[in-house]
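We did not get these values from a lab; they are worked out from the coordinates using the rules stated. Keep in mind that what you see is a predicted model, and the values were worked out from it rather than measured. In this analysis, Cβ positions are derived from the backbone assuming ideal geometry, glycine residues included, and neighbour counts consider all displayed protein chains.
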Amino acid sequence: MDPAPNLVLVGPMGSGKSSIGRRLAERFGLAFFDADREIEAQAGASIATIFECAGEAAFRARERVVLAALLANEGAVIATGGGAVLDPRTRQLLHQRGFVVHLHVDIPQQLARLARDRSRPLLAGDDREAVLRRLADIRDPLYADVADLRFDTASMSAAETAAKLGRLLDAQWHVPASTAAGGSCP
């Protein structure tokens, strides 16, 4: 059993990191943080606006700082953005301070889940499938590199996924006693 102080969810957009993360946090009695929402709150701007005004590199720098702060605590379920694994320093932090679960979803399911979503800057072009395939080619090996567990979310609802994944985590991840039911996160 891995006694990592935090549970971290990585994976592509549309894999269910936020919705599954909330359910897992409730199941384990831990705080939940969506890294993208934390970035938006600190910046006072949406992810799309940050990308548009400052560019992806500036966004990734903000993301690294926010994730470092979240991971410094104990007792949290943290949903990362899909590209968080691009930065080697972020991957190192994730590995050191979390039990990392790669939530996998195939491209057809991603397209279905993201069909009406217009808030994602990387999907602003016309050929969403080509973008998702390109991102998967780059990011999938990085998810595999950092993950302690890979879990396929394609065929289940968020509730079903969280229940099944929660049972697996019961056997593979040990919630540190000092963090359960209240945790030390702000």
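For the chain, divide the Cα radius of gyration by the Kirkwood radius and give the resulting Rg/Rh value with two decimals. Can you show the working numbers first?
On the way: Rg = 15.6 Å, Rh = 16.5 Å.
With Rh from the inverse mean 1/r over Cα pairs, Rg/Rh is 0.94.
So between ALA69 and GLU26, what do we pick up on full extension, going 0.36 nm a residue minus the alpha carbon distance?
Details: separation 43, 0.36 × 43 = 15.48 nm, distance 2.14 nm.
Full-extension gain reported as 13.3 nm.
For an R0 of 22 angstrom, estimate the FRET efficiency from the Cβ-Cβ distance between CYS53 and ARG118 and round to the nearest 0.05. Before the final figure, lay out each step's value.
Details: r = 18 Å, r/R0 = 0.82.
So the FRET efficiency works out to roughly 0.75.
What angle do you read, to the nearest 10 degrees and between 0 and 90, between the alpha-carbon axis of helix 88-97 and the longest principal axis of the chain?
20
Please compute the Kirkwood hydrodynamic radius of the stretch 1-101 from all pairs of different C-alpha atoms, in Å with one decimal. Please list the in-between numbers first.
Values: mean 1/r = 0.0737 Å⁻¹.
One over the average 1/r among Cα pairs gives 13.6 Å for the stretch 1-101.
Give the distance, in whole Å, between the Cα centre of the stretch 65-101 and the Cα centre of the stretch 124-178.
Value for the Cα centre distance between the two parts: 14 Å.
Please give, to one decimal in nm, the separation of the simple spin-label points placed at LEU111 and ASP127, each 7 Å out from Cα toward the Cβ.
Once both label points are built, they end up 1.2 nm from each other.
In debye to the nearest 20, how big a dipole does the chain give about its Cα centre with +1 on each Lys and Arg Cβ and -1 on each Asp and Glu Cβ? Working shown, then result.
Numbers: 22 positive and 23 negative charges, 30 e Å.
Magnitude of the dipole: close to 140 debye.
Output the 0 to 90 degree angle, nearest 10, between the alpha-carbon long axis of helix 17-28 and the longest principal axis computed from the alpha carbons of the chain.
10
Report, to the nearest 10°, how far helix 158-172 tilts away from the longest principal axis of the Cα atoms in the chain, using its own Cα long axis and a range of 0 to 90°.
Taking the Cα atoms of the chain, the angle to 158-172 is about 50 degrees.
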